[in-house]
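See below for the structure under consideration.
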Protein chains: 4
Amino acid sequence: MSDHDSPPLNAAVIGAGYWGPNLARNLATAPDWNLVAVCDLDGDRAAKVARGSGGADVETSVDRLLARDDVDAVAIATPARTHHPIAMAALRAGKHVVVEKPLADTGERAAEMVQVASDQGLVLMTDHTYCYTPAVLKIAELVAEGALGDILFVDSIRINLGLVQPDVDVLWDLAPHDLSILDAVLPGGLRPVGVSAHGADPLGAGKACLAYLSMPLENGGMAHVHVNWLSPTKIRQMVIGGSRRTLVWDDLNPQQRLSVYDRGVDLGQTAAAGADRAAATISYRLGDTWSPALPETEALGLMVGEFAASIRESRAPRTDGTAGLRVLGVLEAASASLAAGGMFTSTAAVGTHTEVLA
Amino acid sequence: MSDHDSPPLNAAVIGAGYWGPNLARNLATAPDWNLVAVCDLDGDRAAKVARGSGGADVETSVDRLLARDDVDAVAIATPARTHHPIAMAALRAGKHVVVEKPLADTGERAAEMVQVASDQGLVLMTDHTYCYTPAVLKIAELVAEGALGDILFVDSIRINLGLVQPDVDVLWDLAPHDLSILDAVLPGGLRPVGVSAHGADPLGAGKACLAYLSMPLENGGMAHVHVNWLSPTKIRQMVIGGSRRTLVWDDLNPQQRLSVYDRGVDLGQTAAAGADRAAATISYRLGDTWSPALPETEALGLMVGEFAASIRESRAPRTDGTAGLRVLGVLEAASASLAAGGMFTSTAAVGTHTEVLA
Amino acid sequence: MSDHDSPPLNAAVIGAGYWGPNLARNLATAPDWNLVAVCDLDGDRAAKVARGSGGADVETSVDRLLARDDVDAVAIATPARTHHPIAMAALRAGKHVVVEKPLADTGERAAEMVQVASDQGLVLMTDHTYCYTPAVLKIAELVAEGALGDILFVDSIRINLGLVQPDVDVLWDLAPHDLSILDAVLPGGLRPVGVSAHGADPLGAGKACLAYLSMPLENGGMAHVHVNWLSPTKIRQMVIGGSRRTLVWDDLNPQQRLSVYDRGVDLGQTAAAGADRAAATISYRLGDTWSPALPETEALGLMVGEFAASIRESRAPRTDGTAGLRVLGVLEAASASLAAGGMFTSTAAVGTHTEVLA
Amino acid sequence: MSDHDSPPLNAAVIGAGYWGPNLARNLATAPDWNLVAVCDLDGDRAAKVARGSGGADVETSVDRLLARDDVDAVAIATPARTHHPIAMAALRAGKHVVVEKPLADTGERAAEMVQVASDQGLVLMTDHTYCYTPAVLKIAELVAEGALGDILFVDSIRINLGLVQPDVDVLWDLAPHDLSILDAVLPGGLRPVGVSAHGADPLGAGKACLAYLSMPLENGGMAHVHVNWLSPTKIRQMVIGGSRRTLVWDDLNPQQRLSVYDRGVDLGQTAAAGADRAAATISYRLGDTWSPALPETEALGLMVGEFAASIRESRAPRTDGTAGLRVLGVLEAASASLAAGGMFTSTAAVGTHTEVLA
């Protein structure tokens, strides 16, 4: 994804807490990037990250950072509620922006960020890191080339004995992973007709500790997500059922992460006019199974490469701002549904993939 | 469960199609039973089953069968829509009755059967065969003795590449198994507050080919069932999360069907008055796992034994008529919810365990 | 494998004990065969099998049976020590013969049977039933077409908590399966340079309860078999490592019995003369995995079909007499090695595939 | 294992290559130890490790290091052929010594090291790191307390697609792990009667790429090890069959690493005098399975803690010098057997656990 004839772009990382150091390390070592600064209100923390990343400048003021001419782009890894103001300032200062997920704390603010980036002709990217893992990239490729046919259903399970979080419920803690992956692999992104969310708080923790999302798709299919903090066993599995083949992704089986099954049900067409459903011929395929080899690459390295490439090519990146917006839209609808006892909640018109014009 | 001092009871099987021969074989070989007759409109079919079961009489008229004095009980394995009239006639003729699932074609008719059996002081049993497997009996025992603590959630998955049935959707084809098992293991039986059912027919088969049932429980917990005809892999798994331990039943792993995990999340109580939720202490147990050995016994043999024992002891059997009624009630509510786009549907007051008085 | 233009051949089964009824049932239902008689010293037992197979004649004398003109072939399922005399009599009476494994109680007698069959131009077949399962047939096909390349190693494991047999040790109880399968899939059959067998009787049962066979192959490769009656878990697994691909057969995983891995180590050739080993380039392939679909067919049905086809086509069947002879030769060498504390024991020149000339 | 009332001991690490940094890091952070120096001929390499471990001195001469009074103990992580001279010098200088495995390049030299340490009253320890993992510690505890009964057999498999090493064969690359673990868990350590090793080099790599070790135990049992560089799948499994229970360790299954099966074969004793084997009653246990929870602790941290404790308590450590000597003895016998075509080779009298007297 890199273009080695061009000089590297200059990046700064804002936020030196949990995720910032990972961004800094990857930006510092990527051929496409120079890491020029690390910014945090806590100068010592920023200095430590800068030192560990080969000696970038330390900044303790976002304003001063954004005023620098030698910064092409910023990576924001601050608390979610500050994503919007910092990203807006950066965009207005003419910087390309990548934001740790969630893109913003509300869909409305995220939409504003997308709009401003579009107006300014700048890249706005969501750091959906999982979407750059070899498994998800391969799934997206298989779906895009039609290897699975039409997507009939997706069933995603992400359960384990997890830390009950102080500030978010299981939905906001775990489901963003599933939803961002769905957004990356479904043709056209994650655009369910709506969502019904059912949850439970059987321990009295004050928030849902397990939840189920049912999301009817426009083509009559269904996506479903099960997230659970109370499971004694750990499962990370996604089944993507297609009209041609069905894929199973078992992320905890390093020896066979992806399996593509040439098995399924075929509903034949009956030639006779007026033939009813009952006359449709049903047949079963029981073909081979295929497990593609996956390269060993670090997802975050590919993410920062894609960020650089999208800036250079003046195009929307994979996991652009609208991707983050769609995920937020579904999460907000799911929360509303959960609060309303599982009532079906439509996902308001959320963004479409933007074109970035230089 | 048998009392070898008593003489065997006399049974007849009505219906010699798919399931009747299994009932006949088990009644013919059980120490508690004599199989005295096999009844089917198709005399040849009845004769074949009678021969294979050691020579019972052949009857081609239900009326004549029920008029016989030497028949204590009948096992009904006819099409579902005929369960009600045949069972009602049998009960009115003073016979104890066991009915292949579903108990009746509607909950209303099932309720009438339960009422009449109760009025007559006769045993009415539903043949929920799965509930007599060693795994389910052990689960029920563990729940009853408190080994799991309070039930916080149940997640049941029953998926495989299955035959698209001509007359029923995936809900009525597969979910009765999960629901009857839930009824057998949950304290007090399956009595959810209601049910939301989400399904899809992505192939255009004219009926749901995959479905999800969310069933909030009275104690704040949740039961959830996933049934699917389109999965390339076969899964039969139920997780029962309890406040003390969590059980995983993997029915396709004969080497370790049941696993009981002493792992979980504990929410401590804070002593100070006015302490809010946030102050509650959360701790995690990561204890041993235990997999109980299971005997190798045939479920249907235990079922007919329980039928005999309940008659002799003038008590309700496991999987009595009210169990069948509760399962039907949830299925009907689920169908209504499915038709209404997943709308939460309460399960009307369904039967409680009856006492049979001789 | 059948030729439906030819009239069926006439078969008789000799021995109505454990295995005879299976042979009778398959011969009775195969399009290539008429089952004309069942023979056993115990006439009642023979009659019961004959009745269950659609009404063949009952014979209680092998001599009278072999004197019948309407018997083309016999299937022998009597105790192992009687295989030789009965088969010799049948061959001398001009009948084609299939014998339940082992072909005879000693290699010497088996060799005599092979010789006589060859002299008479008759088919002599060993009923290595496992070799007709869909999995083994597919493995043999893959090896034969070169999909695996040269066979570098085979590792076979057959362990479970097994019945300690009164008359044989674990080697003779379980290893015949592995060895007959190896014979069916290795190019040219099972012809190790020799065998070292290590066993143990840690319970003091009077015979080996676990054993390991190491069998160097002529090409520098190695076949190894582990059989064990004392394992708490059941494993049936064979790994066949080839220079091009490696196959894993997990017979207890019905969802993925065969996996073909395009992974391996490649040793490159160095062009320079005098280049030593250390200069050889080593590279690794980490390619895709492929799991071929397998049909659902009954092995014994295919076996009797192959028996008929080999007679009609005047050719040696798969699992002919020499296959049985090779397996016996390795078992005898293994027993000798076991008795000598694991001493390497060569497998004497055992038979080559015979041609049957009509 | 630490005694926080005593002042820390002073350690130096010799060798700053692959393993030395891990030893340095653990010694630097252990409460029982001060890391006072890192020694390597390459001063830059030593300096880098010293810096990364909180600022120990840098030494480039072993002699100067051993002359220091402030060094109580050394950890040697240099190439195997230098273990003997460095350890001997250190022992003669009065330092306690821990040596990366293998203890020495020959059993003879290892025996000399053990003798000198014993004469000097110093601790000599082998860094068999694997023996300090939670799984191996638990297994050793279960065996020691008799939970498994007498050890009847051990079957260990360590296979994967591995790097063909330039200097050692698969036996010396992988089997030391299995043998050191066997030494840690078998009562009295690894003391087989002898060993037969069978190997193959089917690629022509100039050394064995797969090997099998059969090791009869004194009690009539058997230990067996399978190591293989050519397997497409990765397996790390050890089965330890006991007269009371059988343990399976699957190191690649983090959700259930250890399983203890209460299943087995029991050979009853017949009371009657003159009763022969055939009369012995055989019965089968099919009891529960139990999987003990394991703590999450770093093995190397426990190893350096045990090193300190053994020095303080003037006792032999777990994995003392004689343990390293026994493992070397079996490896040397296995190599001799391999060279002799699998000939049974006795393991010469190897060391017994020493007592360290201050």
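Within the span defined as segment D:267-284, every residue fails to be modelled with pLDDT of 95 or more and either in contact with a strand residue (DSSP E or B) (Cβ under 6 Å, 6 or more places away or on another chain) or surrounded by fewer than 16 Cβ atoms within 10 Å (Cβ to Cβ) (or both).
Between B:37, B:28, B:80, the distinction of being closer than 20 Å to residue B:300 by Cα, open to solvent by less than 30 Å² (accessible area, probe 1.4 Å) and either at pLDDT below 95 or within 28 Å of the chain's Cα centre (by Cα) (or both) belongs to B:37 only. List pairs: first residue in segment C:279-305 and polar (S, T, N, Q), second residue assigned to a helix (DSSP H, G or I) and surrounded by 15 or more Cβ atoms within 10 Å (Cβ to Cβ) anywhere in the structure, Cβ distance under 8 angstrom, at least six positions apart or on different chains. Filtered contacts from segment C:279-305: C:297/C:134.
Annotation: of all residues in segment D:175-216 being within 8 Å of chain C (Cβ to nearest Cβ) and of a type in the set (A, V, I, L, M), the one that is most open to solvent (accessible area, probe 1.4 Å) is D:203.
A single member of A:171, A:163 is part of a helix (DSSP H, G or I), within 14 Å of chain B (Cβ to nearest Cβ) and closer than 30 Å to residue A:231 by Cα, and it is A:171.
For segment B:222-239, a residue qualifies if it is of a type in the set (S, T, N, Q) and either open to solvent by less than 10 Å² (accessible area, probe 1.4 Å) or within 21 Å of residue B:207 (Cβ to Cβ) (or both), and the qualifying residues are B:228, B:231. Would you point out the residue of segment D:240-266, among those that are among the basic types (Lys, Arg) and under 28 Å from residue D:281 (Cβ atoms), that is surrounded by the most Cβ atoms within 10 Å (Cβ to Cβ)? Filtering first and then ranking leaves D:245.
Answer yes or no: is there a residue in segment B:59-71 that is within 25 Å of the chain's Cα centre (by Cα) and under 18 Å from residue B:125 (Cβ atoms). No, every residue in segment B:59-71 fails to be within 25 Å of the chain's Cα centre (by Cα) and under 18 Å from residue B:125 (Cβ atoms). If you check C:124, C:152, C:148, C:103 for being within 14 Å of chain D (Cβ to nearest Cβ) and buried (at least 24 other Cβ atoms within 10 Å of the Cβ), only one passes: C:152. If I filter segment D:85-97 for residues that are open to solvent by 20 Å² or more (accessible area, probe 1.4 Å) and either under 15 Å from residue D:127 (Cα atoms) or among the aromatic types (Phe, Trp, Tyr) (or both), do I get at least one hit? Scanning segment D:85-97 turns up at least one residue that is open to solvent by 20 Å² or more (accessible area, probe 1.4 Å) and either under 15 Å from residue D:127 (Cα atoms) or among the aromatic types (Phe, Trp, Tyr) (or both). Of the residues D:155, D:167, D:173, the single one that is under 12 Å from residue D:238 (Cβ atoms) and out of contact with any helix residue (DSSP H, G or I) (no Cβ under 6 Å at 6 or more places or on another chain) is D:155.
Within segment A:230-241, the set of residues being at the interface with chain B (Cβ under 7 Å from one of its Cβ atoms) and not polar (S, T, N, Q) comprises A:230, A:232, A:239, A:241. Screening residue C:90 on (1) part of a loop (DSSP other than H, G, I, E, B); (2) over 18 Å from the mean Cα position of the chain (by Cα) shows it passes everything except condition (1). Determine, yes or no, whether residue A:208 is in the same structural domain as residue A:145 (by TED's automatic domain parsing), closer than 28 Å to residue B:250 by Cα and not in a strand (DSSP E or B). Criteria met by residue A:208.
Selection over segment B:129-145 of residues that are open to solvent by 10 Å² or more (accessible area, probe 1.4 Å) and either in a strand (DSSP E or B) or of a type outside the set (A, V, I, L, M) (or both) gives a count of 7.
The values are calculated or read from the model by the stated rules, or taken from the named source; none is laboratory data. Remember, it's a predicted structure, so these values are computed and weren't measured experimentally. Because the Cβ atoms are built from the backbone with ideal geometry, glycine has one as well, and the counts that use them run over all protein chains shown. For accessibility, only protein heavy atoms count, side chains too; no ligands or nucleic acids. Shrake-Rupley method; radii C 1.70, N 1.55, O 1.52, S 1.80 Å.
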